[in-house]
Amino acid sequence: MAVVDMLRNRIQAIFSELIQLLALMFFAINSNAETIHEERSKYRDITVTQVGERRCLLFNVHRGDRNQTCMMLDDPNRLVFDYTRMSFAGLLLQQAPQSILVIGLGGGSIPMTFADLFPSAQIDVIEIDDAVVKVAKEYFQFNESQNMRVFVGDGRPFIKRAGLRGEKYDYIVLDAFSGDYIPEHMLTREFLEEVKAIMTDESVLVANTFSTSRLYDHESVTYQRAFNEFYNFKLPTSGNRIIIAQLDLLPPREELVEASRRLEARLDKYGVNITDYPRRLTTRADWDMSRRELTDQYSPGNLLRGN
Amino acid sequence: MTIEMLGARILSPYFGGSLSVWGSIITIFMLALALGYLLGGKLSTRTPSATIYGLFFVGAALFALPIILLADSIMRPIMIYIEDARYGSLFASIFLFFIPTSILGMISPYSVRLMVDKEEHSGHMAGLLYFISTLGSALGTLGTSFYFVLWYEVNQILWGAVISLVLAGVAVLFFENTMKAEVAVGSGGYAKK
């Protein structure tokens, strides 16, 4: 008898799993976002989807890449993703940037928010893929203006040239992703030295990276060698890790808390909960410090990521 | 192929990782090889000797040295004077890769000349050479992109290629009186390309 009971239970369990699976599939089909634009550019497949008021930009959907950006059409100011909101944590260190450099346009939400926050600031955006610029303009309300310039090209030579010309930026956001991660030549120590050349003592660097992957250790070691210390910024709700660095010594936490209070009201409409950020910024090293630094000579980024 | 695979790595700090940088590298390698085939074939018509053959390897190694030693002083001025990354990377590829790749290209037709003693064997020998050189290229590509960049620094890999070429050249010169040895070493040197 016991055997029959066991069998019956087993069959019931399998059935209930099957039903759950079917329900899930039905839900998935039902909630499938409507694709409103698809295009194959020189570098990637670009897809724009929309569910209700939520419009999203996706790269390489079929390969399952998670690079994406979304906007709410009924509330375009609001930043939908944690990592875009987290990119403004640098304001805790530099509250009134007059020149801003953003590497990697995506849907343009980061530069647009800067333009809204600091109308008189000069914002330069570097995007390697002109198709992304076109899509950002057509579908994500991104606009160029006198104060907002977009350069189509690779971020690294742009920064190198800016450094040779002696140009400086107050706020630099590194948000360049190609294929499945940050391009290898933008992970190296030499690159960071070139970035440092366009920074002043008042400048802040904000770099968007992933917190999972073996590369995390290598990246952290490289940033540490270049900047001595930096704020590591993670949120429990996000797979991203934001690096915040400056040439000067980092300020004490009380200063960040004060700054966050001053910024709170202005950042509210973007959904940036800035007062929550200071306590999450840490200089504690949670990576394997024995990992090898990435340089132009040694940067097998994509190979390391797989391991 | 090892050098070609590293080309993008060498150029990207100056010209970025855009598609056009890859395009520049491949274009210049192809043009250099084309010219090398032509010159190598031409040279093989007058008094072909194993000494000249061995010198190809050593020469290619010597002209590959600037890639290691002078990369920055070659690419920095090009980057400054040519704003457009496409033409910048094209010129940099010419200065860095054209000469050593041309010399490597001369090896193939010259090998055919040295190896063919009877006319009816020429097709067979050419086929064998294509087989070996293309197989070597495939292995060089795979080894470099999958493993070497994970184990070594870019310049270490380049030194490896240079030393292999010199060794192959020296071996050819050393064994130049032995017909059979030429053939064997010629193939060995080729796999390293």
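Each value in this text was obtained by applying a stated rule to the coordinates, not by laboratory testing. The structure presented is a predicted model; accordingly, all values stated were derived computationally and were not measured. In this analysis, Cβ positions are derived from the backbone assuming ideal geometry, glycine residues included, and neighbour counts consider all displayed protein chains.
Quick notes on this structure:
- Residue-wise HN-Hα coupling along the stretch B:45-60, computed from phi with Karplus coefficients 6.51, -1.76, 1.60 (Hz; x: Gly, Pro): 6, 10, 5, x, 9, 5, 4, 4, 4, x, 5, 4, 4, 5, x, 4
- Whole-Å semi-axes of the ellipsoid equivalent to the protein assembly as shown (Cα gyration tensor, √5λ, descending): 51, 31, 22
- Per-residue average of Cβ from other chains inside 10 Å of B:16-28: 3
- The value for the stretch B:2-192 of Rg(Cα) / (2.2 N^0.38 Å) is 1.06.
- Counting only DSSP beta bridges with both residues in the stretch A:82-301, the antiparallel share comes to about 40 percent.
- Per-residue shielding of B:146-154, expressed as the average number of other chain Cβ atoms within 10 Å of the residue Cβ, stands at 4.
- Remark: the B:LEU139-B:ASP117 segment gains 5.0 nm on full extension, using 0.36 nm per residue and subtracting the alpha carbon distance.
- Other residues whose C-beta falls under 11 angstrom from the C-beta of A:ARG156 contribute a net charge of -3, scoring Lys and Arg +1 and Asp and Glu -1.
- Membrane-span-like helices in chain A, defined purely by DSSP H runs whose alpha carbon atoms cover 15 Å or more axially and whose average Kyte-Doolittle hydropathy reaches -1.0, are A:2-30, A:215-227, A:253-267.
- Hydrodynamic radius of the stretch A:114-186 by the Kirkwood approach over all distinct alpha-carbon pairs: 13.6 Å.
- Note on the stretch A:82-301: dipole from Cβ charges, positive end direction compared against A:PRO252, A:TRP287, A:LEU164; the farthest Cα belongs to A:PRO252.
- With contributions of -39500 (n - 2.57) from each DSSP H run of at least four residues, the per-residue ellipticity at 222 nm computed over chain A stands at -10500 deg cm²/dmol.
- Per-peptide packing, taken as the mean over residues of other Cβ atoms within 10 Å, places A:88-96, B:30-38 in the sequence A:88-96, B:30-38 from highest down.
- Charge dipole of the protein assembly as shown (Cα centre as origin; +1 on each Lys and Arg Cβ, -1 on each Asp and Glu Cβ, all else neutral): 820 debye, rounded to the nearest 20.
- Pairs of Lys in the protein assembly as shown closer than 14 Å at Cα, counting only those 8 or more apart or on different chains: 4
- Using a Gaussian network model of chain B in which every pair of alpha carbons under 10 angstrom is joined by a spring, one finds that among B:PHE63, B:PHE98, B:PHE146 the greatest mean-square fluctuation is at B:PHE146.
- Convex hull volume of the stretch A:66-117 per residue (C-alpha atoms, cubic angstrom): 85
- CD proxy at 222 nm, helix term only [per DSSP H run n ≥ 4: -39500 (n - 2.57); per residue of chain B; nearest 500]: -28000 deg cm²/dmol
- Remark on A:SER41: its backbone amide H falls under 5 Å from those of A:ILE46, a criterion applied only to residues 5 or more positions apart or on other chains, H modelled at 1.01 Å from N.
- Selection from B:GLY140, B:ALA34, B:LEU114, by position along the positive dipole direction of chain B (Cβ): B:LEU114
- Here the stretch A:82-301 yields Rg over Rh of 0.93, to two decimals, using C-alpha coordinates and the Kirkwood radius.
- Choice from B:GLY169, B:GLY41, B:GLY54 showing the highest fluctuation, given a GNM over chain B with Cα pairs closer than 10 Å: B:GLY41
- Inter-chain Cβ neighbour count for A:151-160, averaged per residue, equals 5 (cutoff 10 Å, partner chain atoms only).
- GNM flexibility winner over chain A from A:GLY106, A:GLY155, A:GLY271 (Cα, springs under 10 Å): A:GLY271
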